[in-house]
Each structure stands twice: as structure tokens, then as C-alpha cells.
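To start, the structure itself, in C-alpha cells.
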Amino acid sequence: MRYMPEDEEGNSDPLPTVTIHVGGIHASKTPVKIKTLLGSCVSACMYDPSTGIGGMNHFLLPGELDSLDLSTRYGVNAMEILINEMMKVGASRSHMQAKVFGGADIFRANHKLMMVGKRNIEFIREFLDTERIPILKERLGGNDGLIVHFIAHTFEVFVKPISASHFRQKEEEEMTFYKKIAHELVNRESTNVTLF
């Protein structure tokens, strides 16, 4: 993992570039740069050194909320689908390694639902440990967002911190989604009544 030079953000790179957003997944057996912008979300950059196959995801919520739907916005689905997509193009699950990023505390909140960055960090570490996939590098937590560029065929990662003042739009989008999820959870709990 290296910090991205100021001029590295442009597209002068000859590699094809894929940008992923929340719920995005991309795996490739050919050279490609995969990039994303993270706040409290987490991205796993996965690599199989025996084949040179790499892939990356971007998930919004940790695994324990994945029962709300099967979207790749949720950690369990995002991780399993990324691993499966890499295997489809020839990677071996037993050789996979990871570098993980994100999980910032962009909301500066103590409410359990709003502490999603911390919960995403706990989730990704636990998931990869359970799957016996080693984490070789990480940049998790903090208060700033990150721009992440992953060179999938070499396992190189470049990151650039983005201060909260430059991150307002992303923060507002994530807050809107978390409020929606909180409303769904409250409604689900209030309708989960057993009569006897």
C-alpha cells in the first residue's frame, strides 16, 4: 500500500480502469485498475498470487444485517460473491490474500447503527479470519475517507485520504441510507409480535 501522489488521481495510466461504488464488485484475470471512494464503507482487495487474479468489492453494512436483502451492499454477500467471481476466472480460494480499507467514523456518532465504520471493521477482520484468508495490509478506521486504487494483477494499492470537509456529499448519501435501514429495523421489530 502506498499513498497516492497528488497527480496520480488522473487517468494518464495506460491500464483500463473500473470504478466501483457501493455494492460494486469486480474481479479480473487481466491487468486492470479498480478504484473506489470509501467513507464508513469497507473494500477488500483480494489477490491470488498463484494466478495473478485480483478483485475488489465495496460494501456498506456488516454481515449481520444481510438478512434485509441479498444485496452486495452487505458484507457477507459482497465477500462471498467477490471470492466466487475470482474463482470463476481461475483463482484458488486457498491461495487468496487480502488488503482491506475503509471503516472511517465519518458520522462521529455513538448510536449503535451509526457506528457502522467500526462494525464494518470488526466484520471484515472476523470474516477473513474465519475463511483463513490473511490480511497483508490494512488502512481501517480514522475519521477521513479514502480514495483507493487497486492494481488487480500486481496486488499494489494506492490510497489517498480525503478529509471530512471534502466528503460531505458521500456522508449525506450514507446517512440517508442508514436512516432508511434504521426505519426498516424498527418496523420489523414492531411487527414481530407473537399472539397466543
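Only the coordinates and a few stated rules stand behind these numbers; no lab work does. Given the structure is predicted, the values throughout are model-derived calculations rather than measurements. Cβ: placed from backbone, ideal geometry, glycine included. Neighbour counts: every protein chain shown.
Can you flag which of Lys137/Lys160; Lys35/Lys118; Lys29/Lys118; Lys88/Lys160; Lys99/Lys160 are past 20 Å Cα-Cα? In this structure, Lys35/Lys118; Lys29/Lys118; Lys88/Lys160 lie more than 20 Å apart at Cα.
Between Thr30 and Ser94, what FRET efficiency follows from the Cβ-Cβ distance if R0 is 22 Å, with the result rounded to 0.05?
Working: r = 22 Å, r/R0 = 1.02.
Computed FRET efficiency for Thr30 and Ser94: 0.50.
Derived scalar couplings between HN and Hα for region 20-30 equal 10, 10, 3, x, x, 9, 8, 10, 8, 9, 10 Hz in order, rounded to whole Hz, by the Karplus curve 6.51 cos²θ - 1.76 cosθ + 1.60 (θ = phi - 60°), x for Gly and Pro. Amide H contacts of Thr19 (H built 1.01 Å from N, in plane; Pro and chain starts excluded): Lys35 sit under 5 Å, all sequence-distant by 5 or more or on other chains.
Judged by the mean number of other Cβ atoms found within 10 Å, the most tightly packed of the peptides 150-158, 137-145 leads the ranking 150-158, 137-145.
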